[in-house]
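Derivation of every value follows stated rules applied to the coordinates shown; laboratory data play no part. Predicted, not measured: the structure shown is a model, and the values here were computed from it. Neighbour counts run over all protein chains shown; Cβ positions are idealised from the backbone, glycine included.
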Amino acid sequence: MLDYYILKDGPQPRETIQATTEEWILWWTSHADQRRVAQDSILTSKGLANVSTVFLSLDHGWDGQVLLFETMIFPDGSWLEQYCERYATEAEALDGHHRIVENLLVNQKPDSQL
């Protein structure tokens, strides 16, 4: 069975709330503008990298940890096509997004460990 989540209204970082199917459908269809957490476009030596962090609203943590947010990189080329990080909270997602953007600007890689 799927667990549905919605974001409480308010400033970032927002709290997530577990929701019924009906509450989730209503929130999902009426809050499209709130599902994107952050977005940046970074010009790197490899081309343009679009960094997008979104609220997934469904648990994407398959190992027991609830993961509701995701940062992905959508490049002009294929050098970062598969890069993705997931987070439990919006605060973690914002921190991760900003870290990835900074690493792309400084190191030309999404993670300084790569």
Next on the checklist: Every residue in the stretch 1-15 that is in contact with a helix residue (DSSP H, G or I) (Cβ under 7 Å, 6 or more places away or on another chain) and either surrounded by fewer than 16 Cβ atoms within 10 Å (Cβ to Cβ) or part of a strand (DSSP E or B) (or both), please.
Outcome noted: Y4, I6, L7, Q12
Next on the checklist: List pairs: first residue in the stretch 28-49 and touching a residue at least 60 places away in the same chain (Cβ under 8 Å) and over 25 Å from E92 (Cβ atoms), second residue aliphatic (A, V, I, L, M) and assigned to a strand (DSSP E or B) anywhere in the structure, Cβ distance under 6 angstrom, at least six positions apart or on different chains.
Outcome noted: none
Checklist entry - Restricting the first residue to the stretch 90-103 and requiring it to be touching a residue at least 24 places away in the same chain (Cβ under 8 Å) and more than 13 Å from I42 (Cα to Cα), which pairs with a second residue that is crowded, with 17+ Cβ neighbours inside 10 Å and of a type outside the set (S, T, N, Q) meet a Cβ separation below 6 Å and a spacing of at least six or different chains? => result E90/R14; A93/V37; A93/F69; A93/Y87; G96/E85; G96/Y87
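Conditions (1) of a type in the set (A, V, I, L, M); (2) buried (at least 18 other Cβ atoms within 10 Å of the Cβ); (3) part of a loop (DSSP other than H, G, I, E, B), marked per residue:
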residue	(1), (2), (3)
I42	yes, yes, no
G96	no, yes, no
E102	no, no, no
D111	no, no, yes
